Amino acid sequence: MRRGYGNGKLNGHEYLWFLLSGPDTNLGFSILDLSTWNILGFLDASSYTMMSETAIRDHLLSKSEKISESSSNSIFAKPYIEHSDENLEGKQRKNIESSVQPMIQQPMIGDMAVNRDVEVVIAEVEYIEPEKLDDLEDVDKSLKMLIPGLESKDWVLLCETLNNVRRLSIYHKEALEDILETVISLLVKSLKNPRSAVCKTGIMTSADIFKAFGDRIIDFFDPLFLQLLLKSSQDKRFVCDAAEKALVALTTWVSASLLLPKLQPYLKNRNPRIRAKASMCFSRSVRRMGVDEIKAYGIDKLIQIAASQLSDQLPESREAARALLLELQTAYEKSPVLAPEPDVPSEEPHVHSWEQFCESNLSKLSAQAVLRVTSVAREGLVAGS
C-alpha cells in the first residue's frame, strides 16, 4: 500500500500531487494528463495552474539534462580539437584539450607511432650481409641473453638478438648445438611476426643457420620450411627476395637425399604458390645430385614427380618441372637403364632409349607431355649450336 498523510488517506488533489512528485513513481505524467484531470473535475483552477507550471519546469529541466549529458558524451565519442581560441578561455580550454588529447589517434611513421608534441625518434634496423657481420665481443654474455632476447616483445631487441644468432652461427656454431631446437622454434615465431623488419631479419638468420648446420636442421625442418615458402610467395617484395635467398641456401647446404623426401608432400599442397616454390626447391636439389645419386634415389620416381608438375596451375611449377625433366634426361643418357634380358641371347646388351623409358614408366598422356618438353629443348640446343 502507498504511504499517506495524516490519517493515511489522500484526497484527489493530494493523491495526484503524490503521483507526480513522489520518489517511487515513474509514471511519466505530462501536461496533457493534468489537462484531462482538470476537465474531469478532479483539480480546481489554482491546483491545475500550479501543477502545470511544475510539470513544465520539470520537463524542461529533464530535457536540458539529457542534452547536456549527450553533449558531454559526444566529446569522447568524436574527439575534436578546437582551432579557434575565441570561445575558450584559460583553464576551461586547457581542461577540454587534456580530456580530448588521449583519444586522438597518433600519427604513424613507418612501423612507429609518434606523439605530435615530442621529438620524433625512428628506430632503424640494418640488414647486414653475412660477410659483413662482426664477431661477438662477449660470447658467454650473448648466449645468456639469447633465449630471453628471442622471446622479447621489444622488436628492436628481437632484431638485435637474431643478428647475434647469425654471428654465433658463423663464428661459434658449436655454442648453439645444445639449444639449436629451441632457437629454431623461436626463429619460426619471428617469421610470423607482423613487423617486416623482424620477419626479414629472421629469414636472413634462417639462411645463415642452413649454411652453418646443413643436414642437422632436417629434424626441425617442416615448420621453418613452411614459413619460408609462405614468405617467398605472399609477402612484401623485399621480404620475398630474402625468403627466396634462404630457400636457395637450404637446397645448397642440405643434402638432396635428405631434403627430397621432406619436399615431396609440399608438391601436393592445396596452395598453388606453396606448390610452385616447393617445385623450384625440388628441381634445384635434383640438379645438385650426381648420376649415381639420381639412380640410387630412383630416376623412375623422379620422372613421375616431374611429369605430375607439368600440368600444374602456376607457370613457376611447370617451369621447374621442365628444368627437372631436362636434368633427368641428361642423367639418363649418361647412364641408361638396362632393358630386360631378351629371349634370344645377344652379345650387345639392349638398352631402353629415353622415349622407351618414359613410355614404360608413365601413362601415355604423361609420356607424350614429357617427350614433347625434352624434344623441344633438344631441338632448341641443336638450333643454337
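Couple of notes before you dig in:
- Applying a threshold of 7 Å to beta carbon distances and a minimum spacing of six or more residues, or different chains, the list of pairs starting in region 167-189 at a residue that is among the small types (Gly, Ala, Ser) and ending at one that is open to solvent by 30 Å² or more (accessible area, probe 1.4 Å) reads ALA175/VAL139; ALA175/LEU143.
- Number of the exception - LEU136 against (1) at pLDDT below 95; (2) within 28 Å of the chain's Cα centre (by Cα); (3) closer than 20 Å to VAL183 by Cβ: (2)
- Taken together, GLN264, GLN304, GLN313 contain a single residue that is over 21 Å from LYS189 (Cα atoms) and assigned to a loop (DSSP other than H, G, I, E, B), which is GLN313.
- When SER232, SER190, SER185 are screened for being part of a helix (DSSP H, G or I), surrounded by fewer than 16 Cβ atoms within 10 Å (Cβ to Cβ) and of a type in the set (Gly, Ala, Ser), only SER185 passes.
- Verdict on ARG216 being in a loop (DSSP other than H, G, I, E, B) and at pLDDT below 95: no
The values are calculated or read from the model by the stated rules, or taken from the named source; none is laboratory data. This one's a predicted model, so the numbers in the text were calculated from it and none came from an experiment. Glycine also receives a Cβ, built like all others from the backbone with ideal geometry; neighbour counts cover every protein chain displayed. Keep in mind that these areas ignore ligands, DNA and RNA; they rest on the heavy atoms of the full protein, side chains included. Shrake-Rupley method; radii C 1.70, N 1.55, O 1.52, S 1.80 Å.
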